[in-house]
1. If you take the residues of region 130-153 that are among the small types (Gly, Ala, Ser) and in contact with a helix residue (DSSP H, G or I) (Cβ under 7 Å, 6 or more places away or on another chain), which of them is modelled with the lowest pLDDT?
2. Name, by its number, the condition in (1) at pLDDT 70 or above; (2) more than 18 Å from ILE239 (Cα to Cα); (3) basic (Lys, Arg) that does not hold for LYS323.
3. Would you please name the residue that is modelled with the highest pLDDT, looking only at residues in region 308-318 that are part of a helix (DSSP H, G or I) and surrounded by fewer than 19 Cβ atoms within 10 Å (Cβ to Cβ)?
4. Do we find a residue being surrounded by 20 or more Cβ atoms within 10 Å (Cβ to Cβ), at pLDDT below 90, among the polar types (S, T, N, Q) and in contact with a Phe, Trp or Tyr (Cβ under 9 Å, 6 or more places away or on another chain) anywhere in region 81-93?
5. Can you confirm whether LEU57 is buried (at least 17 other Cβ atoms within 10 Å of the Cβ), in contact with a Ser or Thr (Cβ under 7 Å, 6 or more places away or on another chain) and in a helix (DSSP H, G or I)?
6. Residue check: is ARG48 crowded, with 18+ Cβ neighbours inside 10 Å and among the basic types (Lys, Arg)?
7. Restricted to region 133-167, and to residues that are of a type in the set (Gly, Ala, Ser) and more than 29 Å from ASN2 (Cα to Cα), which residue is most open to solvent (accessible area, probe 1.4 Å)?
Amino acid sequence: MNSRKIALIPAYQPEVGLLELVRKIREKGLEVVVVDDGSSREKQGLFRKLEEEATVLRHDKNRGKGRALKTGFNYIQNSVSSDYVIVTVDADGQHKPDDVKKVCAAGMENPGQLILGSRKMKGDIPLRSRFGNTVTRIVYRLATGMKVYDTQTGLRAFDRKTAHRFAQVEGERYEYEMNVLLQCAREKIPVREVEIETVYIDENRTSHFDTIKDSVRIYKEILKFSAVSFGSFLIDYGIYSGMLCLTAGMLPDSARIISNVTARIVSAGVNYTANRNIVFQSNEKVVQSSGKYLLLVVLILVANTALLEIFVRRLGMNQYVGKICAELILFIVSWFVQSHFIFRRREDAHGTVFKKA
């Protein structure tokens, strides 16, 4: 409870309201560190005023929210010798000082955890914000099995030890905050949500979030998995269709089963290689991961064949359409099992994720 309380605010092209926000946060008993993430010359007068209220760090050019946060983490780590709790705050005025204090207090009471200031999306919420949070929530749940309501909140608190781990997480821009949540899932860092007020100023027009580019960065892992899965599906479906033609003289049920099994064996080898080296970048030995993957292939094959039989024989679907339906159902199952039980990240002894060279 004697830890220093530090608000860290990454700021790019901030409005004058940031000065008042910093003053009010200080009134709540927190120190403030602001990172100027390469703002224009016209904004430097505001930052000079902020220097009277806070420590201001500067980037020579815009490097992204993730890099700005890590610049702040490194500064605090090197300049503060005692224990501390960091609470990250957005610069656009969407976090109330009372909520900053509340989330910071939760961080002090729960060392070793990530505290999220969770907005419940009540009232008149901009459509893109409501939609984006909903999609990200679903993607995160599928990717990790963890239930987090507000995955996009920038109001977060954590202690010194946890901050050191977060400083090593990949990501330079908005994808960094999602990567932190993914890292929490991998390292079993508890995530606790504290409800805060939902505030969107001027329909959130001051946000520097690029809907296309930053969404791709946030979802890139599952997008890579989807791309590999789709490529494997094309191989699978092509072989399946070709084998149906080659086995046309056989009994329909036998031809369908033989075609499905042959297609699955070939596509599974392609899928394993691509997921191990491209999507999950696993460091686990091939013997270990391939053994677990083979078991998954067998289970998926059995499930795939069973679903195909149900769709074609019981429900009367066309056998080509039935194949597509079965693949879509098992896609989510395959993603969850591979990301949680088969492929491990390239990590050091402390759980830090390394980029693949």
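1. Filtering region 130-153 for residues among the small types (Gly, Ala, Ser) gives 132, 143, 145.
Add one more test, that the residue is in contact with a helix residue (DSSP H, G or I) (Cβ under 7 Å, 6 or more places away or on another chain), and what stays is 143, 145.
Values: ALA143: 66, GLY145: 74.
Across region 130-153, the extreme among qualifying residues is ALA143.
2. That leaves (2) as the condition not met.
3. Step one: list which residues in region 308-318 are part of a helix (DSSP H, G or I), which gives 308-314.
Subset that is surrounded by fewer than 19 Cβ atoms within 10 Å (Cβ to Cβ): 309-310, 313-314.
Working: GLU309: 89, ILE310: 92, ARG313: 87, ARG314: 88.
Going through the qualifying residues, I end up with ILE310.
4. No, region 81-93 contains no residue that is surrounded by 20 or more Cβ atoms within 10 Å (Cβ to Cβ), at pLDDT below 90, among the polar types (S, T, N, Q) and in contact with a Phe, Trp or Tyr (Cβ under 9 Å, 6 or more places away or on another chain).
5. Working: buried (at least 17 other Cβ atoms within 10 Å of the Cβ): yes; in contact with a Ser or Thr (Cβ under 7 Å, 6 or more places away or on another chain): yes; in a helix (DSSP H, G or I): no.
Judged against the criteria, LEU57 is not a match.
6. Working: crowded, with 18+ Cβ neighbours inside 10 Å: no; among the basic types (Lys, Arg): yes.
In short, no.
7. Of all residues in region 133-167, those of a type in the set (Gly, Ala, Ser) come to 143, 145, 154, 157, 163, 167.
The next check asks that each one be more than 29 Å from ASN2 (Cα to Cα); those that pass are 143, 145.
Details: ALA143: 15, GLY145: 41 Å².
Within region 133-167, the match that is most open to solvent (accessible area, probe 1.4 Å) is GLY145.
Let's see how each residue does on (1) of a type in the set (Asp, Glu); (2) in contact (Cβ under 8 Å) with a residue 60 or more places away in the chain; (3) more than 25 Å from GLY107 (Cβ to Cβ):
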residue: ARG4; (1), (2), (3): no, yes, no
residue: TYR12; (1), (2), (3): no, yes, no
residue: VAL16; (1), (2), (3): no, no, yes
residue: LEU21; (1), (2), (3): no, yes, no
residue: LYS24; (1), (2), (3): no, yes, no
residue: LYS28; (1), (2), (3): no, yes, no
residue: VAL35; (1), (2), (3): no, no, no
residue: GLU42; (1), (2), (3): yes, no, yes
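The values are calculated or read from the model by the stated rules, or taken from the named source; none is laboratory data. Just so it is clear, the model here is predicted, and its values are computed rather than measured. All Cβ positions, even for glycine, are placed from backbone atoms using ideal geometry, and neighbour counts span all protein chains on display. When the accessible area is computed, the model is the full protein with side chains, heavy atoms only, and any ligands, DNA or RNA have been set aside. Shrake-Rupley method; radii C 1.70, N 1.55, O 1.52, S 1.80 Å.
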